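Presented below is the structure to which this report refers.
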Amino acid sequence: MRKYEDTYQHKGMRMRLVNLLREKGITDERVLEAIKHIPRHYFLDSAFDKIAYEDRAFPIAAGQTISQPYTVAYQTQLLEVKPFDKVLEIGTGSIYQATVIAEMGATIYTIERQRKLFEHNKDFVFRNKYPNIKFFYGDGFEGLPTYAPFDKVIITAAAPFVPPKLIAQLKIGGKMVIPVDEGKHQRMLRITKEADGGTTEEGFDNFSFVPMLKGKNG
Ligand code: SAH
């Protein structure tokens, strides 16, 4: 059984990470507060304990990654998360991103296509603390029609295109934050669903994600 400990050292490293994110341009204090609160080292293999608060991505199971803290903060800030928002996430991975959104008071429905990760996540250390995280095994391209519509949708893998079914599951006035492939990198887009059902698109910085793949694995 793994022992989870959040020491003063961890808290200190987390404060430094939050200051770094601020320097890099993250301004949403609620996002920074959530990151300050969540022990990121719990989401990583214990071998990474000492470096868990460096601003970098790390490998997790099934050849996947936990996103870089800056990327998590950037996407969450663009999503403009509000308490009681109903959020759909594609790509549960380590659950770190989902936990940041849950800590901000939203309910998050998160989908993972790798069975191995999904099974592993059943032992989530904060299972009781965040009943507002709902876990699903499936193909994110399909979304979750049963639970739609959503206030927000966040995609945390490199999307080859904007999946039409996910736009359909967005509320009017709702927002989607999605990194869309442009070859070598992905451009972060924020898409807003307008009253007439159409969409408007804003473009932001470039990032590098693992690919969003069709179908389930396992
Ligand atoms: N949000 C995660 C980032 C994980 S990396 C975190 O905070 O750690 C992206 C994840 O998306 C991987 O786990 C990958 O398996 C998953 N993924 C890729 N394509 C998917 C799809 N079509 N549906 C659901 N999950 C997908």
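What follows is calculated from the coordinates using simple rules that are stated; it is not laboratory data. Owing to the predicted nature of the structure, the values given are computational and were not obtained by experimental measurement. Because the Cβ atoms are built from the backbone with ideal geometry, glycine has one as well, and the counts that use them run over all protein chains shown.
Under a Cβ-only charge scheme (Lys and Arg +1, Asp and Glu -1), can you give me the dipole magnitude of the chain about the Cα centre, in debye to the nearest 20? Please report the intermediate quantities before stating the final value.
Values: 31 positive and 27 negative charges, 109 e Å.
Dipole of the chain, to the nearest 20 debye: 520 debye.
Between the alpha-carbon centers of the stretch 110-139 and the stretch 159-218, tell me the distance in whole angstrom.
Using only Cα atoms, the two centres lie 22 Å from each other.
From the phi angles alone, apply the Karplus equation (6.51, -1.76, 1.60; θ = phi - 60°) to the stretch 57-63 and give each ³J(HN,Hα) in whole Hz, x where the residue is Gly or Pro.
7, 9, x, 10, 5, 6, x
What residue among 4, 210, 179 has its Cα farthest toward the positive end of the dipole of the chain, where the charges are +1 on Lys, Arg and -1 on Asp, Glu, each on the Cβ?
The listed residue farthest towards the positive side: 4.
What percentage of all Cα-Cα pairs in the chain are separated by more than 31 Å? All intermediate terms of the calculation are to be shown ahead of the outcome.
Values: 3300 of 23653 pairs.
Here the tail beyond 31 Å accounts for 14 percent of pairs.
Can you compute 3J(HN,Hα) from phi for each residue in the stretch 123-129, using the Karplus curve 6.51 cos²θ - 1.76 cosθ + 1.60 with θ = phi - 60°, rounded to whole Hz and x for Gly and Pro?
My calculation for the stretch 123-129 gives 9, 3, 4, 9, 2, 7, 6 Hz in order.
Report, for the chain, the % of DSSP beta bridges that are antiparallel, rounded to 5.
Values: 16 of 37 bridges.
Just about 45 percent of them are antiparallel.
Which Cα, out of 198, 166, 67, lies furthest along the positive dipole direction of the stretch 8-207 (beta carbon charges, K/R +1, D/E -1)?
Highest projection toward the positive end goes to 67.
Cβ under 12 Å from residue 157's Cβ, residue 157 left aside: what net charge do those residues give with Lys, Arg +1 and Asp, Glu -1? If you can, show how the numbers build up before the last one.
Details: positive: 113, 214; negative: 89, 112, 139, 181.
Taking every other residue near residue 157 into account, the sum is -2.
Tell me the mean residue ellipticity at 222 nm calculated for the chain from its helices only (DSSP H runs of n ≥ 4, each -39500 (n - 2.57), averaged over every residue, nearest 500).
Numbers: 6 runs with 55 residues, N = 218.
After summing the helix terms and dividing by the residues of the chain, the value is -7000 deg cm²/dmol.
What is the helix-to-structure angle for 69-79, meaning the angle in degrees between its Cα long axis and the longest Cα principal axis of the chain, kept from 0 to 90 and rounded to the nearest 10?
In the chain, helix 69-79 runs at an angle near 40 degrees to the longest axis.
Provide the per-residue ³J(HN,Hα) series for the stretch 15-20, in order, calculated from phi with Karplus coefficients 6.51, -1.76, 1.60 and θ = phi - 60°, each as a whole number of Hz, with x at glycine and proline positions.
Couplings: 4, 5, 4, 4, 5, 5 Hz.
Mind jotting down the distance between the C-alpha centroids of the stretch 1-50 and the stretch 57-97, whole Å?
14 Å
The stretch 70-177: Rg/Rh from Cα coordinates, Kirkwood Rh?
On the way: Rg = 12.7 Å, Rh = 13.7 Å.
My calculation of the ratio gives 0.92.
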